[in-house]
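Below: the structure, in structure tokens.
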Amino acid sequence: MARQFVLKREPIQEVSRLSIDYRAALNEQQLAAVTADRGPVLVVAGAGTGKTRTLIYRVAYLVDSGVRPEEIVLLTFTRRSAREMIARASALLDGRCENVRGGTFHSYCLEILRRHGKRIGFPNNFTILDSSDAADVVDILRLQIKSRIDKKRFPRKRTLQGIISGARNRDETVQEYLEQRFPQFMEYLEIISEISAEYGRYKFNHGLMDYDDLLTQTLFLLSEHRDVRNIVAGMCKHVLVDEYQDTNRIQAGLVRMLSSVHGNLMVVGDDAQSIYRFRGADFRNILLFPKQMPDTTVLKLEQNYRSTQQILDLANHIISRARHKFDKKLFSDKTEGELPTLIHAQDNRFESRFVTQVILELREEGVALSDMAVLFRSGFNSYDLEVELNRRGIPFVKYGGLKLSEAAHIKDVLAHLKVVENPRDGVAWNRILQLIEGIGPRTSQKILEWIEASPDEPFQIDESRFSPMYVEKIRALFVMLRSLVSTQLTVTDQVEVIVSYYEPLLKRIHFDDFLKRTQDLEHFVGLAESFTDRATLLSSLALDPIELTAVDVDPLTDDEPPLILSTIHSAKGLEFNTVFLIHALDGILPSAYSAGDEDAEEEELRLLYVAVTRAAERLFISYPAVQYRRFSGQYFAKQSRFLDAIPEKLLESGSLVEQESPFLAPEPEFPRLPEANIRPDNAAAETESW
DNA sequence: ACAAGCAGTTTTTTT
DNA sequence: AACTGCTTGT
């Protein structure tokens, strides 16, 4: 055996010799995390304990002590937080942290795969399937099998795609996953397994990767190819992971691979805030971390700097109901504060008016709009409020909910770009072919077969084989596509060419809201300008979808930083002076989908916990007592079960009382809107009190 | 045989 | 708003 020489490691750096006064900026626990030595470190950090701050200072500290920024990898869950952290760390050190690498797991994996994907048989121009594209691929295979097997009822494409993805994210077989989560589909086990296998083959043959592939293929690449692993991990002197409680098994494996050369891995998280179980997150990752990584240093951050004690008392009470007890009690210095309030509103119009009114009052008092947030369980919970905010001219942005790149018309334009980028992308081909009048699934499939038969000339076609009904239209499409391949057009120019080809088709298909959709397209053309090439545009859009927000707002207030509307999931890691949690209804939070599954119900509880702990000073939880549903009309709704039996000393209850102002003009003679029949005119809303 | 249009149902959360 | 299944039209 060769002789081994043990090299002594010097400590990273002494605090006193650095350019930032870390001692002054951090508390003792934070300082310990920031200045931790090499090796695996787990930082367990409760909500609002300065987790982000600690990570930022850690990055700065490493750079400050001579680690090259390019050798630091910071993995986060959203691009927003990655960008923010690197920017903030850079600000600490005059821009020296700008070259820190990282981003979301998915984007970092994409980088690795673009460079080394050839080793596992993927071309470097592969295109990315978002989950609805993935469902479209599944649907192609589903229909093939459905026509072969005579079954009447069959799981839908989204369900099938969800099953395939769910199993892969948990690193389980389809069988294991079905037994646990969808026992009712066990009779389809064979078919689903077959579709799953076919799906994998289809993607491989067409140069496609879905979100799960970005993670699993990277893990596969790194575990099978030692040389690649050494190159990639060799560049990761320090690996830092945020929100570790939300990683799944694949991600935990990736983290281990990335830190396999240098062994410097710091993960930060809070088991009480694990809210991505539905996508395979397993908070056991954080609990078992010290066992999996020998000699882990475990550090805890417990002092909350964000919220008043009143808000923390409520949060502690909520999380104490969890079956898996988290023995963590947050405490704060801010003992003076308002009690969180629970508002019972008659219906969702009342709820929206209440929220809007309080927002306006607080803005008068000097709370910035951007320091207030309205949180909700699902994207559509805020529809009514959005209308009200628009009416009052309050600017807002919405996180979560519909994404620009998920709108059908944007996907159509993107599909054209994808085909040019990767002519083997069959889903994209299908999409653009079926936009043409006279071409449906069948014809599209046939054309595709012809295209696939001559891979060298993907944008040429033998016109004699087509019905004269659409041959002209096909030719126009191919001429357009060829013009994009051969020229040196910028991405924006390419998008413009596509849009002008596409607009007439759009008009035919979505005549009703043609105008609105055209505006989106223009918006999108403008967006394309910030991208240098097609591939970057496509993958950025797939991995960092742009929120589609209604920003139709009064120009006077346009420059004011907007109010934040957000799903609870998208608000993770953020904090606000004032938080409104709306639609706190049983069946919404907790979601009716979680009924009967104890683990799922508990995740809903953690979701409430996350929402509550976003607030620094003021917290309003509200719910409408009546809900509408098409056809079934109105029905009585019940407040969230999580709010039942919370002592009044933790959560004060309030109700809304309508008050007419004597100074206001009488109601107009004719109601302006149908709803004015039920409620007084909008003007009265101005003086509503509670 | 295939596409288009209509009616009725169904919508979690994200990369 | 989007998806599915059904009916009608070419």
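The values are calculated or read from the model by the stated rules, or taken from the named source; none is laboratory data. None of these values were measured; they are calculated from a predicted model. Here Cβ is always computed from backbone atoms with ideal geometry, including for glycine, and neighbour counts include all displayed protein chains.
Remarks
- Matching residues in the range A:576-590 - criterion: being surrounded by fewer than 18 Cβ atoms within 10 Å (Cβ to Cβ) and either of a type in the set (Gly, Ala, Ser) or near DNA strand B (Cβ under 9 Å from one of its atoms) (or both): A:GLY587
- Residue that is surrounded by the most Cβ atoms within 10 Å (Cβ to Cβ), among those in the range A:635-657 that are modelled with pLDDT of 90 or more and either of a type in the set (Lys, Arg) or within 16 Å of DNA strand C (Cβ to nearest atom) (or both): A:ARG641
- Selection count where residues are surrounded by 24 or more Cβ atoms within 10 Å (Cβ to Cβ) and either among the β-branched types (Val, Ile, Thr) or modelled with pLDDT of 95 or more (or both), scope the range A:260-274: 4
- Cross-chain or 6+ apart pairs with Cβ under 6 Å, the range A:441-458 first and within 8 Å of DNA strand B (Cβ to nearest atom), then among the polar types (S, T, N, Q): A:SER444/A:ASN430; A:SER444/A:GLN434
- Here is the figure for the range A:67-89: residues that are over 21 Å from the mean Cα position of the chain (by Cα) and modelled with pLDDT under 90 total 2.
- Restricting the first member to the range A:113-134 and to residues that are under 16 Å from A:ARG424 (Cα atoms), and the second to residues that are more than 16 Å from DNA strand C (Cβ to nearest atom) and of a type in the set (S, T, N, Q), the beta-carbon pairs closer than 6 Å and six or more apart or on different chains are A:ASN125/A:ASN422; A:THR127/A:ASN422; A:ILE128/A:SER539.
- Of all residues in the range A:366-424, those satisfying the criterion of being of a type in the set (Val, Ile, Thr) and touching a residue at least 40 places away in the same chain (Cβ under 8 Å) are A:VAL367, A:VAL374, A:ILE394, A:VAL397, A:ILE410, A:VAL413, A:VAL419, A:VAL420.
- Within the set A:LEU92, A:LEU113, the sole residue that is within 16 Å of DNA strand B (Cβ to nearest atom) and either modelled with pLDDT of 85 or more or among the basic types (Lys, Arg) (or both) turns out to be A:LEU113.
- The single condition among (1) surrounded by 14 or more Cβ atoms within 10 Å (Cβ to Cβ); (2) closer than 25 Å to A:GLY654 by Cβ; (3) not hydrophobic (A, V, I, L, M, F, W, C) that A:SER320 does not satisfy is (1).
- In the range A:155-174, the residues that are within 12 Å of DNA strand B (Cβ to nearest atom), among the hydroxyl-bearing types (Ser, Thr, Tyr) and more than 12 Å from A:GLY280 (Cα to Cα): A:THR159
- Test: residue in the range A:32-41 that is of a type outside the set (A, V, I, L, M, F, W, C) and crowded, with 19+ Cβ neighbours inside 10 Å: yes
- In the range A:394-413, the residues that are among the hydrophobic types (A, V, I, L, M, F, W, C) and either part of a helix (DSSP H, G or I) or modelled with pLDDT under 85 (or both): A:LEU402, A:LEU404, A:ALA408, A:ILE410, A:VAL413
- Scanning the range A:175-197 turns up no residue that is surrounded by 19 or more Cβ atoms within 10 Å (Cβ to Cβ) and touching a residue at least 60 places away in the same chain (Cβ under 8 Å).
- Matching residues in the range A:459-473 - criterion: being within 14 Å of DNA strand B (Cβ to nearest atom) and under 16 Å from A:ILE498 (Cβ atoms): A:LYS473
- Just one of the listed residues (A:VAL59, A:VAL41) is assigned by the TED database to the domain that holds A:GLY234 and modelled with pLDDT of 95 or more, and it is A:VAL41.
- Test: residue in the range A:361-383 that is part of a helix (DSSP H, G or I), touching a Lys or Arg at 6+ places or on another chain (Cβ under 9 Å) and modelled with pLDDT of 95 or more: yes
- For the residues A:ASP554, A:ASP512, the requirement of being exposed (fewer than 13 other Cβ atoms within 10 Å of the Cβ), more than 16 Å from DNA strand C (Cβ to nearest atom) and modelled with pLDDT under 80 singles out A:ASP554.
- Being within 16 Å of DNA strand B (Cβ to nearest atom) and either assigned to a helix (DSSP H, G or I) or on the phi < 0 side of the Ramachandran plot (or both) is true of A:LEU143.
- Selection from the range A:395-421 of residues that are under 30 Å from A:ILE621 (Cα atoms), among the hydrophobic types (A, V, I, L, M, F, W, C) and surrounded by fewer than 21 Cβ atoms within 10 Å (Cβ to Cβ): A:VAL397, A:LEU402, A:LEU404
- Residue match in the range A:623-634 (condition: more than 14 Å from DNA strand B (Cβ to nearest atom), over 30 Å from A:PRO183 (Cα atoms) and buried (at least 21 other Cβ atoms within 10 Å of the Cβ)): yes
- Residue in the range A:527-534 that is within 16 Å of DNA strand C (Cβ to nearest atom) and crowded, with 18+ Cβ neighbours inside 10 Å present: no
- Scope the range A:278-305; condition surrounded by fewer than 22 Cβ atoms within 10 Å (Cβ to Cβ) and assigned to a loop (DSSP other than H, G, I, E, B); matching residues: A:ASP282, A:MET293, A:PRO294, A:ASP295, A:THR296, A:GLU302, A:TYR305
- Looking across the range A:473-502, the residues that are over 16 Å from A:VAL419 (Cβ atoms) and at pLDDT 90 or above come down to A:THR490, A:THR492, A:ASP493, A:GLU496, A:SER500.
- Qualifying residue in the range A:432-449 (condition: modelled with pLDDT of 90 or more and among the polar types (S, T, N, Q)): yes
- Qualifying residue in the range A:403-417 (condition: more than 16 Å from DNA strand C (Cβ to nearest atom), assigned by the TED database to the domain that holds A:PHE514 and of a type outside the set (D, E, K, R)): yes
- If only residues of the range A:596-622 that are surrounded by fewer than 22 Cβ atoms within 10 Å (Cβ to Cβ) and assigned to a loop (DSSP other than H, G, I, E, B) are counted, the one that is modelled with the lowest pLDDT is A:GLY596.
- All positions within the range A:68-107 that are of a type in the set (Gly, Ala, Ser) and over 17 Å from A:HIS569 (Cβ atoms): A:ALA87, A:ALA89, A:SER90, A:ALA91, A:GLY95, A:GLY102, A:GLY103, A:SER107
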